[in-house]
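Presented below is the structure to which this report refers.
The values are calculated or read from the model by the stated rules, or taken from the named source; none is laboratory data. A quick note: this is a predicted structure, and the numbers were derived from the prediction, not measured. Cβ sites come from the backbone with ideal geometry, for glycine too, and all protein chains shown count toward neighbours. Only protein heavy atoms, including side chains, enter the accessible area calculation; ligands, DNA and RNA are left aside. Shrake-Rupley method; radii C 1.70, N 1.55, O 1.52, S 1.80 Å.
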Amino acid sequence: MNSLVNIDGFKISFHEKSKRIIKIIITNETIDKLIFPFNKFNVNNLEYKPFTRFTVSKSLEDLSNNKLGSFLRSVLKDRNTGCILIEPEQKISKMDENFLIKLSTAITHLAGIPNHDSMSGKYYAKFDIKHEDKSDSYLRKAYVNMDLHTDGTYVNEYTDWILMTKIKEINVKGGQTVLLHLDDWEHLEELSKNQTGKENFIWGSPKSKNINYKVEHPVFNNDNDGNVTISYIDQFPEPKNMEQGLFLQKLSDSLEGSKNKIITELPVGSSVLSNNHFWLHGRKPFVKNKNLFRELLRIRGRFN
Ligand SMILES: [Fe+2]
């Protein structure tokens, strides 16, 4: 992506830390104009009636003169970029939790179709991170590094893209978002050509994910253009021999050791939308605080 489009009501630029990330600021005026059409639906409507999700999405698309959807899809599918940071111009009190669920719904329905999220039983999942946690995965462990990974490694559906929106944050230090584009990773060539990386691995998941089957797929694949893609998370592959175990260890160490990770703070109300086949994401540990609270929303889906 060499040049960016102009869309009235949106400020579009390259992210200050990487030209691979496109930053879209939604102006206050545009946010104001979304309030009325968004108020026609409540979150329950969106959950129970899938077609209403397209209606809220169309109100966002209309405000961009029908330019935002095609732009989002072209960035997401472009191997050189593939990642979008969407931020409101200012934190406005009108942007409460329900507004952010609707905005995230609107954005994702321009990208494609969400997958059912088994963790929540809905097309989106909200979850919070606190000082204490008794859950069974790293998702909610505040003081542990969440290693670089892709989503949807243990489900049957394609997960072409993911969206993460920060809904609320109180007493938070640390917990920055970490991103890595596969082509910036120093060991891509070496490890994607390793025979073990192309073998099928078994992928399971802990109870909280509500998936009662296992899937098999390799870590690396090639897309239709011959580009390498990755489907990987550290916790869920079940290595069946020493080769697979040692391969995964090497992969994990070399991803975490990459010098090309992008580490960024996301303001409340902002969303990251990224191609899940060639962008990995993770999270730095939080600084200890008994009153720590962060609420996130995620939507994962496919192109249509
Ligand atoms: Fe994730």
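Here is how the numbers come out for the structure above:
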read-out: Built amide H within the under 5 Å cut-off of His217, gap 5+; value: Phe201, Trp203
read-out: Accessible carbon and sulfur surface of the range 1-128 relative to its total accessible area, %, 1.4 Å; value: 47
read-out: Positive-end residue, the chain charge dipole about Cα centroid, Cβ charges, pick of Gly226, Leu296, Gln244; value: Leu296
read-out: Nonlocal amide H pairs with Leu292, under 5 Å, H built at 1.01 Å; value: His131
read-out: Cβ-Cβ FRET estimate between Asn66 and Asn227, R0 fixed at 41 Å, reported to 0.05; value: 0.90
read-out: Sulfur and carbon atoms: percent of accessible area, the range 174-304 [1.4 Å]; value: 47
read-out: Per residue accessible area in Å² of the chain, where ligands, DNA and RNA are left out and the probe is 1.4 Å; value: 46
read-out: Reach of Lys198 by Cα under 17 Å, taken over lysines that are not fewer than 8 positions away in the same chain; value: Lys240, Lys250
read-out: Area of Glu189 that stays accessible when all protein chains are in place (1.4 Å probe, Å², to 10); value: 120
read-out: Amide H contacts under 5 Å for Tyr154, placed H, 5+ residues apart; value: none
